[in-house]
Structure formats: C-alpha cells, structure tokens
Amino acid sequence: MKEVSRYSHYGNEVFVFEADKGRHREHCLCWQCGRFYPEPEDMSKNCPIARMLYNLNVLLKLVTPVWECPDWCNPRPDQLDEAERE
C-alpha cells in the first residue's frame, strides 16, 4: 500500500500519497496547454474547463490533475522551457 501523509495545503488539512506530494504540474495536462492561463491577472483568458475545475477544487479543497481533455492545444512559447523553444 502507498504511504499516505497529512499536511496543511492553503490552510486546509489534507491527505496525499507521499510520493505524489507537490507533483501536480508533472501530471496535469493543463500546464502544457496553450489555453491555460493560471495567473490571477490572466484568469479571464483561461480555459473554461480549467476555470470550472479550479473553482470546484477550491470549493471542495481538492487538487485534481487533468489526464485527458477534449480541448487541449499546443503550448504557447511562454509556457515552454528554454531548451524546448530552440
């Protein structure tokens, strides 16, 4: 069985598989999608699916990676690592 730990995340006590703690971006398709604008000043441009999922996560105190999406598109240049831009 995987090890589960408890910690405070944004002021909420939550449980997580220890090996996955802090690895949301590695597993979430949104972080490599050209429609994803996670910064507060860009939220009006953000993908409607990502916005709804974020609001649900806040409401339920969850973190949910997206594994599949019908609206994914190639990342914008500002989303790529320097090595990927070349």
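Determine which single condition Val63 fails, assuming it passes every other condition in (1) surrounded by 10 or more Cβ atoms within 10 Å (Cβ to Cβ); (2) without any contact (Cβ under 8 Å) to a residue 12 or more places away in the chain.
(2)
Can Pro48 be described as modelled with pLDDT of 95 or more and either of a type in the set (Val, Ile, Thr) or surrounded by fewer than 12 Cβ atoms within 10 Å (Cβ to Cβ) (or both)?
The answer is yes for Pro48.
Yes/no per residue for (1) more than 12 Å from the chain's Cα centre (by Cα); (2) part of a helix (DSSP H, G or I); (3) exposed (fewer than 12 other Cβ atoms within 10 Å of the Cβ):
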{"residue": "Ser5", "(1), (2), (3)": "yes, no, yes"}
{"residue": "Ser8", "(1), (2), (3)": "yes, no, yes"}
{"residue": "Arg25", "(1), (2), (3)": "no, yes, yes"}
{"residue": "Phe36", "(1), (2), (3)": "no, no, no"}
{"residue": "Ser44", "(1), (2), (3)": "yes, yes, yes"}
{"residue": "Cys69", "(1), (2), (3)": "yes, no, no"}
{"residue": "Asn74", "(1), (2), (3)": "yes, no, yes"}
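Given the criteria touching a Gly at 6+ places or on another chain (Cβ under 9 Å) and either surrounded by 15 or more Cβ atoms within 10 Å (Cβ to Cβ) or free of Cβ contacts under 8 Å to residues at least 12 places away in the same chain (or both), does Trp31 qualify?
So Trp31 does not fit the description; no.
The values are calculated or read from the model by the stated rules, or taken from the named source; none is laboratory data. What you see is a predicted model; the values in this text were computed from it and never measured. All Cβ positions, even for glycine, are placed from backbone atoms using ideal geometry, and neighbour counts span all protein chains on display.
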